[in-house]
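Notes to accompany the following structure.
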Amino acid sequence: MEFEDRVAAYAPKLKALQSKLAADGVEFIEIHTVDTSGAFRSKIAPLKLSSYGEAINAILYCVTHGDGQPMGDVAFASASANEENGFPNIKGIIDPATVVQHGWKPRFASAITRAYMLDGAVCPFDPRGVLAKVEERANALGYEARFALEYEFGIFHADHDLMRAGRYRELKPWGHSLINYDLVRSGEYQDFAAEFITRMKSIGIGVASLVTEYGFGMYEYALTPKTALQAADDAMRAKLHLRELCAERGLVATFMTRFQPPGKESACGAHHHVSLWRDGKPAFAAGPGRLTPVAEKFVAGVLNRMQETHLLFRPTVNSYRRFDRGAWSPEDVAWGFENRTAPIRAITTPNDGACRLEHRAPGADINPYLSIAAILVAGCEGIEKDLSLEAPVTSNLANLDKPKLPRTLNASIEAFAASDFCAEAFGEVFRDNYAESRRAEQAAFDAWQASHITDFEWQRYFVS
């Protein structure tokens with residue numbers, strides 16, 4: 001839908017929402033735009049739901065993680081914004097389906113935008129637009145896709161002097177133990193969990209659970225299922241408001257995938273639970289230990305494109321420190337019933353309504369719009385092409401000769417950048433821009449590493 005058509009469709013809804021929010025005491029609105037790396041870039045403004053659009057700086061689609069710290073490389077080379085085009089603004093419009101008043105801060109509401117170019121065409125760089133297009137493809141097949149995401153993350157006591165100095169490893173984890181499913185890790189934990197769940201409920205986000213995970217400072221929340229675009233919106237908002245709640249309490253949350261050395265304690269995954277529904281009925285369910293033919297085709301499609309789309313599940317240098325089949329972070333292209341060592345775990349109990357697939361490759365550093373889009377579009381292709389599914393894994397994957405997922409960020413980048421499937425599924429402009437964003441991540445790490453003498457070198461060679 002072009003910009004003017006979207007304005008015409010949204011204007012009456014936005015006008016009605018403006019009146020309702022004002023009557024309910026809202027004075028300010030937080031307007032969120034999703035950047036390439038999967039962060040909300042936001043502004044706070046007096047309440048105004050303009051049907052004529054919001055100005056979006058196109059540089060948001062070529063900014064680097066953490067604005068380039070510690071290298072200072074704020075932006076990467078991109079067709080979205082550069083010296084040739086003068087770093088322009090583009091247009092966004094608030095999606096009325098995303099407008100919510102904050103129950104814990106009722107003077108505030110928030111909303112998420114859809115992005116358009118200045119000529120009114122859909123912005124090809126917008127991750128939210130990419131997922132919306134993929135969701136339409138699933139709907140055209142007659143299915144409603146539902147996703148629920150689980151995020152593992154760390155919470156630490158905030159020390160802003162240490163953080164400003166980049167000494168994050170010296171922060172103290174929140175809670176005194178590393179036991180999972182523990183209610184008394186910290187005296188404030190239960191109140192924290194209740195407040196987070198209550199806040200999310202007030203903006204229509206269901207939290208199925210919040211638990212302590214295995215590791216000092218490790219926690220996990222699970223969100224309830226929504227349609228694809230709604231699930232990604234929920235994932236982004238929950239992450240933002242979890243960090244906000246931490247900041248209010250002198251804490252800081254991290255979603256980097258591994259903050260403990262590899263092999264020690266847990267890493268941070270973001271497992272995606274997915275199911276298809278038709279006419280209000282689960283399309284994957286065939287009873288315990290079985291999948292319907294459409295589910296089998298969906299799984300076959302996801303497996304078929306898993307190496308090409310792997311970059312969207314492990315998008316940073318840190319992502320690859322999480323690789324560990326033995327710790328349930330998958331390394332192979334495989335699937336199985338209730339198998340946590342495979343990237344696709346089929347869950348068929350306790351009832352048909354719970355039948356779903358769990359995709360275990362994504363880490364907590366994903367852009368959820370892109371990880372959801374990658375799973376959904378590959379599964380749709382499996383249905384469209386009537387792909388056959390290999391037998392489920394029933395033994396130790398370490399002893400099987402299954403295809404391997406790319407082991408490095410560079411390898412994932414090259415598989416993604418060379419993929420005609422990814423160009424067709426996400427748009428060639430988006431594919432190339434996203435690949436360039438990941439090359440910038442790798443280049444920044446390589447440059448930092450080249451400019452430092454490591455602890456390994458000091459300890460191994462200084463007195464030799």
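The values are calculated or read from the model by the stated rules, or taken from the named source; none is laboratory data. No experiment lies behind these values; they were computed from the predicted model shown. Quick reminder, even Gly has a Cβ in these numbers, built from the backbone with ideal geometry, and neighbours come from all protein chains shown.
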Exercise. Among the residues of the range 171-206, how many are part of a loop (DSSP other than H, G, I, E, B) and charged (D, E, K, R)?
Worked result: 4
For this session: Within the range 405-459, track down each residue that is surrounded by fewer than 12 Cβ atoms within 10 Å (Cβ to Cβ) and over 27 Å from Ala81 (Cβ atoms).
Result: Gln449, Ala450, Ser451, His452, Ile453, Thr454, Asp455, Phe456, Glu457, Trp458, Gln459
For this session: Would you check which residues across the range 255-275 are of a type in the set (A, V, I, L, M, F, W, C) and either at pLDDT 95 or above or within 14 Å of Arg360 (Cα to Cα) (or both) and list them?
Result: Phe255, Met256, Ala267, Cys268, Ala270, Val274
For this session: For the range 56-74, enumerate the residues that are among the polar types (S, T, N, Q) and in contact (Cβ under 8 Å) with a residue 60 or more places away in the chain.
Result: Thr64, Gln69
Exercise. In the range 116-162, which residues are surrounded by fewer than 20 Cβ atoms within 10 Å (Cβ to Cβ), in contact with a Leu (Cβ under 9 Å, 6 or more places away or on another chain) and of a type in the set (D, E, K, R)?
Worked result: Arg137, Glu144, Arg146, Asp159
Problem set entry | Selected residue (only one of Phe456, Phe426 is touching a residue at least 60 places away in the same chain (Cβ under 8 Å) and of a type in the set (A, V, I, L, M, F, W, C)) | Phe426
Problem set entry | Sole residue being part of a helix (DSSP H, G or I) and among the β-branched types (Val, Ile, Thr), chosen from Ile29, Ile44, Ile59 | Ile59
Problem set entry | Any chance Glu244 is under 20 Å from the mean Cα position of the chain (by Cα), of a type in the set (Asp, Glu) and either farther than 29 Å from Tyr320 by Cβ or in the same structural domain as Tyr151 (by TED's automatic domain parsing) (or both) | yes
Exercise. In the same structural domain as Ala193 (by TED's automatic domain parsing), buried (at least 21 other Cβ atoms within 10 Å of the Cβ), small (Gly, Ala, Ser) and assigned to a strand (DSSP E or B): does that describe Ser275?
Worked result: yes
Problem set entry | Criterion (touching a residue at least 40 places away in the same chain (Cβ under 8 Å) and either assigned to a loop (DSSP other than H, G, I, E, B) or of a type in the set (A, V, I, L, M, F, W, C) (or both)) met by exactly one of Glu308, Glu265 | Glu265
Exercise. So Lys91 fits all but one of (1) assigned to a loop (DSSP other than H, G, I, E, B); (2) outside the structural domain of Ser329 (by TED's automatic domain parsing); (3) at pLDDT below 95; (4) touching a Gly at 6+ places or on another chain (Cβ under 7 Å); what number is the exception?
Worked result: (1)
Exercise. Can you tell me which residues in the range 66-115 are surrounded by 15 or more Cβ atoms within 10 Å (Cβ to Cβ), within 21 Å of the chain's Cα centre (by Cα) and among the acidic types (Asp, Glu)?
Worked result: Asp95
Problem set entry | Identity of the residue in the range 386-409, touching a residue at least 60 places away in the same chain (Cβ under 8 Å) and assigned to a helix (DSSP H, G or I), that ends up nearest to Val130 (Cα to Cα) | Leu409
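Pick from Ser419, Ser412: which is hydroxyl-bearing (Ser, Thr, Tyr), within 20 Å of Leu131 (Cβ to Cβ) and under 19 Å from the mean Cα position of the chain (by Cα)?
The unique qualifying residue is Ser412.
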